[in-house]
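Below: the structure, in structure tokens.
The values are calculated or read from the model by the stated rules, or taken from the named source; none is laboratory data. Everything quoted here is computed from the prediction, not taken from an experiment. As a convention, Cβ positions derive from the backbone with ideal geometry for all residues, glycine included, and neighbour counts pool all protein chains shown. What goes into the accessible areas is simple: the full protein's heavy atoms, side chains included, and nothing from ligands, DNA or RNA. Shrake-Rupley method; radii C 1.70, N 1.55, O 1.52, S 1.80 Å.
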Amino acid sequence: MKDPMHPTSDPELENQADASASQASDLQNTGIPEQSAPVSSDASVQSEPVASAKPEEADKQDENAAFADLAARLGEEIDSDPEAVPAEGSAAEEAEPEDANAQVEQLKAQVAELEEQLARARAETYNLQQEYSGYVKRSKTEMSAHRTDGQKAVLQVLLSVLDDVQAAREAGELQGPFESIANKLENTLETNFGLTRYGNNGDEFDPNVHEAMMAQSGGAGEPSIAQVLQPGYKVGDQVLRATKVIVNNPD
């Protein structure tokens with residue numbers, strides 16, 4: 001058919017041009033690059049690349065469809081398996097009590113160990129307290145004994161001074177301010193240290209607190225002190241120095 005706009009155009013050439021344009025559009029749609037070969041007048045030659053590209057595209061589409069079908073089937077099998085998830089859940093539920101029991105046993109063992117350590121610590125503390133209490137008691141006893149021994153040592157030294165004071169008193173030579181000083185010294189020793197003089201003529205003789213220097217016969221009854229040669233001193237109930245006496249034995 002002639003084109004009214006181009007009255008001189010050949011209809012056969014126009015048909016060939018339309019076929020070439022349609023082939024080019026098909027090649028672009030299928031992703032096959034368009035061949036740059038010159039347009040031929042033979043329509044059968046130009047249609048061969050298009051015919052060969054369509055089977056390849058169909059094969060690819062078939063493979064994709066097969067893979068999609070396989071994936072869908074696998075997904076349906078996984079979703080349709082009701083025992084898979086409950087099995088895992090039951091295993092987890094069984095594992096949780098076992099782990100909890102293991103933790104409880106471990107905590108019990110730790111508590112038992114801590115209780116044992118606490119008992120040992122208490123026993124050690126009790127022993128230390130007893131040792132300290134014993135040490136304090138011994139220290140107090142030893143301190144008191146050391147204090148008494150020190151006092152006795154000082155008093156023992158002062159006995160000779162007291163003997164001179166007593167001798168001066170018996171001789172009537174202790175007078176004036178010296179007498180007051182001597183009395184004050186004796187009172188201080190008696191008040192602060194418990195030092196007392198004992199032993200007088202006529203007292204009953206006691207070998208535990210009296211030391212017999214001589215003996216004489218006379219009188220009746222029990223032995224007695226005839227004369228005090230040197231007075232004795234006591235600190236409390238303890239004899240610091242025995243009284244030296246002459247004993248009067250009965251006939």
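Couple of notes before you dig in:
- Size-normalised alpha-carbon gyration radius of the range 211-251, reference 2.2 N^0.38 Å: 1.29
- Applying a DSSP loop filter and a limit of 12 other Cβ atoms within 10 Å to the GluC sites (Glu not before Pro) in the range 167-251 leaves GLU173.
- Ordering 139-149, 158-168, 226-236 by mean Cβ neighbour count within 10 Å, with the highest value first, yields 226-236, 158-168, 139-149.
- Heavy-atom accessible area for ILE225, with the other protein chains in place and a 1.4 Å probe, reaches approximately 0 Å².
- Each residue of the range 228-243 was assigned a 3J(HN,Hα) from its phi angle through the Karplus expression (A = 6.51, B = -1.76, C = 1.60, θ = phi - 60°), giving 8, 7, 8, x, x, 9, 10, 10, x, 9, 8, 7, 7, 8, 6, 7 Hz with x at Gly and Pro.
- Each residue of the range 199-207 is assigned a 3J(HN,Hα), and the resulting list reads x, 9, 4, x, 5, 5, 6, 10, x Hz, derived from the Karplus form 6.51 cos²θ - 1.76 cosθ + 1.60 (θ = phi - 60°), x at Gly and Pro.
- Heavy-atom accessible area order for ARG241, ARG122, ARG197, largest first, 1.4 Å probe: ARG122, ARG197, ARG241
- Each DSSP beta bridge with both residues in the range 197-251 is either parallel or antiparallel, and the antiparallel ones are about 60%.
- In the context of the full protein assembly, PHE193 retains an accessible surface of approximately 80 Å², using a probe radius of 1.4 Å and ignoring ligands and nucleic acids.
- Proximity of backbone amide H atoms, modeled 1.01 Å from N, is registered between ASP203 and ILE225 at under 5 Å, excluding neighbours fewer than 5 places apart on the same chain.
- Applied to the range 118-128, the Karplus parametrisation 6.51 cos²θ - 1.76 cosθ + 1.60 on θ = phi - 60° returns per-residue 3J(HN,Hα) values of 5, 5, 5, 5, 5, 5, 5, 5, 4, 4, 5 Hz, with x for Gly and Pro.
- For VAL247, residues with placed amide H under 5 Å, excluding near neighbours: MET213, MET214, ALA215, GLN216, ALA226
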